[in-house]
Amino acid sequence: MAVTSVADTATSTTLLAAADAKSINGVSVFNDSSEILYLLQGIGTASTTSFSVKLAAGDYWESPDPMYVRGGLSGIWANNSSGAARITTW
């Protein structure tokens, strides 16, 4: 199990690299920012119009199957603020 944090930013950023995603059995993300986090599963650039999951402040998401994130996980917040994505992999 590994726990990492990625600070919020209004620019698309990698939350889980594809290379790391290939060896996991599961992933969860908690958005502790005050801004909305847009997650994109797989390869690509997350945006507020191109995303897989939308997490409001304080929301939690767990991938239903590790295959959904084999290409990695990227994210972008609606605005810069304080906070981060708290990512747990197992």
For volume of the Cα convex hull per residue in Å³, which listed value, (1) 158; (2) 111; (3) 71, comes from the coordinates shown? (3)
Please give the charge dipole size of the chain, origin at the Cα centre, charges +1 on K and R Cβ atoms and -1 on D and E Cβ atoms. Round to the nearest 20 debye. 200 debye
From the helices alone, meaning DSSP H stretches of at least four residues, give me the mean residue ellipticity at 222 nm for the chain, per-run term -39500 (n - 2.57), in deg cm²/dmol to the nearest 500. -500 deg cm²/dmol
Measure off 7 Å from each Cα along the Cα-to-Cβ vector at TYR60 and SER47, then give the distance between these two points in nanometres to one decimal. 3.3 nm
Sort 23-29, 75-81 for me by packing, meaning the mean count of neighbouring Cβ atoms within 10 Å per residue, highest on top. 75-81, 23-29
Going 7 Å from the Cα of ARG70 in the Cα-to-Cβ direction, what parts of the stretch 16-59 have a backbone nitrogen less than 16 Å from that spot? 17-27, 41-44
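Values quoted throughout were computed directly from the atomic coordinates according to the rules given, and no laboratory measurement underlies them. The shown structure was predicted, so the numbers you read here are calculated from the model rather than taken from an experiment. Reconstructed Cβ throughout: ideal geometry from the backbone, glycine too, with neighbour counts over all protein chains shown.
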